[in-house]
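Data block below; observations after.
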Amino acid sequence: MMERYEKFDFSGMADLTRIGMAMQPGKCQNRRTLTGQRNLRPIVVVLLCWALICMSAAAQTTKDAAANDAMGKHYAAAQKALAAKDVAAAQTEYKRFISDALRRLASRRAVAGELPRSAALLEEAIELEPDDVDLRLDYAGACRASGDLSKAKTAAESALSLEPRNTRALRELGRVLSQMGEGKAATSYLERAVALEPNFENGFALAKEYLKRKEPDEASKIFAEMRSGLGDSPQLHMEFGSAYGEANYAERAIPEFQKALAKNEKIRGGHYSLGAAYLLGLGNVMQDQAEAEFRKELKNYPDDPLSLYQLGNIEFNRHDLKTAEQDLTKAKELEAGNPDTYLLLAQIYNESGRATEAEAALRKSIALTSDVARNNYQVQRAHYLLGRLLMQSGHQDEAKLEIKTADQLLKESTAATQGLAATPATAPFEATRTRPVALISAPLHPENIAEADAFEQKIKDAVADSYNNLAAMAASAGNFPTALRDFRHAAQWNPSLEGLDANWGRAAFSAGDYQQAVGPLSRHLENDPYDTWTRAALGSSYFSLQKYREAVETLRPMEEDLGGDRPQLSYMYAVSQVRSGEPDAGVKRLEALEKSTPNVALIPEALAEAYAAMGEMEKAAHEKELAKSIGKKQNGSAVTPKPH
């Protein structure tokens, strides 16, 4: 392990475009927010630097076009290879196409605030490219962001096992362990990352971990080296201020934001961050100074919903409800997915005697809260206030449920704050804090969700087709587990894909997975009732699952064709008739089968069972003896596996 601190060389690190979190093209939707409640000290979180993380719309459009072109080339190459019967090349290109498409969609889902969905898409991509380290680390980051730390840790560890000196893997594992409350181990991994590659990302992650461990001087040393290597830029001061602010070192954050503004008075987020730091450090004592900063931010950027929200919060605390409502309404229009705005508006509506509007706003705030732990369980207050309103309006049962939910969330919040029980996403982090400062979960953004939906609609048919072709190739090679997995994915992307159900049902039936075969075979038969192979396979599947009535109904339309060269199917049909309430018809068919196929023991066995059920014990005994005799001669040969 490294010593506590070494002088890391950050010289030559001029490219700062990777600083901070990934953002939507041309927008800064994921800036973290400062929130507060009346008569409570504000919960303050300062943002990461906007100027460095917001890509221009034009640049992103070019990037998207290039990515689309690359995806299209993979798909076209796969189709060409498939036509040429080059199975290996087709499989490779289909997998690359699907993986690229899933990654791009996952990125859009993350920007939209749909973090669990983003993680699920990356997990699906890993099935196709399990040795892709970057993909595993993307998945680890998505799991960490969505609060599934156990999966995040496993993914980061698996990536590190593939490439033990991969500094991104070391950094990601360090971040996950930090959120899990394993600070010592986290620091070790982050120090290893910096020792191997002393770039901005690794150094900044290590500095933040030092701050979390209440070692600000160690973080300060790293920041000094960064400033020396990267230059004394306003963007760096914003980053340093952000790190200090998140760790509750307002006294160190304020000078950093002031330095950033001194170098660039219009740096986006600068005045907002300084105002947030004022509130973090001294609360209402610095309320006037904070308000001035929020207004400066709005002067530079009138479309800033966070500054509008903070002004509304300050005005609400002053009981200037009319002005507060105006600012909060503007904030809501600019960022419709932020639950905090609806909660504060609900309190204003309530104090203004507008109970119906208050109830609607509270329900909206609750619906938009994807993580109950965000903002120190702020949604608890929404449930409590909603319960009070429902109680007043006479909806006692629903009111009790809301109050009960609020009580449970209060217990969880108290336990997390005291370190007694950790919520998956934030409690390990929260328990180390001495003040009520919380990381904000990304709210859902309707406009980004719409963009992600549009992209998914654009790729879904090609993804489904690619999965279907991969599955068909796997099935042809006898790899049924992979084939069935890929058919399932194809159905998830486009259940109406032509030929999918036929392929899927045939593969499942061939693999002996009759339970899985029933669904696609049934759907295909509904569309093509004259497909006798599918009807026979579906009837056989029902028989194997002991669903005899379904087997009879499926096979009945072809009962006249069940003789001759189809004794197995005729046997299944007859036994199903006997066991589903049609013993006479079943026995008649079995008797005919016994004459045409005299050397199969299963037939007299079935007849013995049927005769016994009908009370014809003498006939039953005769058939049992016949079955034993045949079995001795043929060693129990049969046309089909004996039914359960």
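The values are calculated or read from the model by the stated rules, or taken from the named source; none is laboratory data. Being a predicted model, the structure only gives us computed values, none of them experimental. Positions of Cβ are backbone-derived with ideal geometry, glycine not excepted, and every protein chain shown enters the neighbour counts. The area values use the complete protein model at the heavy-atom level, side chains included, leaving out ligands, DNA and RNA. Shrake-Rupley method; radii C 1.70, N 1.55, O 1.52, S 1.80 Å.
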How much accessible surface area, in Å² rounded to 10, belongs to the heavy atoms of H395 with a 1.4 Å probe?
-> 100
Rg/Rh for the stretch 460-514: what does it come to with C-alpha atoms and Rh from Kirkwood?
-> 0.94
Kirkwood hydrodynamic radius of the stretch 268-394, from inverse mean 1/r over distinct Cα pairs, in Å = 15.0
Expressed in whole Å with the largest first, what are the equivalent ellipsoid semi-axes of the stretch 141-200 derived from the C-alpha gyration tensor as the square root of 5 times each eigenvalue?
-> 18, 13, 9
Which value, in Å² rounded to 10, gives the accessible area of I254 with a 1.4 Å probe and all protein chains present?
-> 30
Using 7 Å Cα-to-Cβ label points, what is the L401/E265 separation (nm, one decimal)?
-> 5.5
Residues E560 and S629, FRET efficiency given R0 of 51 Å [Cβ-Cβ distance, rounded to 0.05] | 0.95
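With the cut-off at 18 Å, report for the stretch 455-582 the share of all Cα pairs above it, as a whole percent. Show your work: numbers first, answer last.
Details: 4446 of 8128 pairs.
Percent of Cα pairs beyond 18 Å in the stretch 455-582: 55.
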Quick one: net charge of E291's neighbours, Cβ under 15 Å, K/R +1, D/E -1?
-> -3
Roughly what percent of Cα-Cα pairs across the stretch 237-340 reach past 19 Å?
-> 42
Taking a threshold of 18 Å on the Cα-Cα distance, which of the pairs K588/K628; K214/K411; K595/K619; K73/K460 fall above it?
-> K588/K628; K214/K411
What is the distance, in nm, between label points placed 7 Å from the Cα along the Cα-to-Cβ direction at S352 and at Q289?
-> 3.3
Given a Förster distance of 25 angstrom, what is the FRET efficiency for R165 paired with T92, based on the Cβ-Cβ distance and rounded to 0.05?
-> 0.40
Put a dot 7 Å past each Cα toward the Cβ at K80 and A592; how far apart are the dots in nm?
-> 5.7
Summed side-chain charge close to M391 - residues other than M391 whose Cβ falls under 12 Å, Lys, Arg +1, Asp, Glu -1 | -2
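Skip the ligands, DNA and RNA, and give the accessible area per residue of the stretch 272-394 with a 1.4 Å probe, whole Å².
Details: 4740 Å² over 123 residues.
Counting only protein heavy atoms, the per-residue value for the stretch 272-394 is 39 Å².
Compute the semi-axes of the equivalent ellipsoid of the stretch 340-379, taking the square root of 5 times each eigenvalue of the Cα gyration tensor, and list them largest first in whole Å. Numbers along the way, then the final one.
Working: eigenvalues 79, 18, 7 Å².
Output for the stretch 340-379: semi-axes of 20, 10, 6 Å.
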Excluding same-chain residues fewer than 8 positions from K332, which lysines have a Cα within less than 25 Å of its Cα?
-> K27, K266, K296, K299, K322, K364
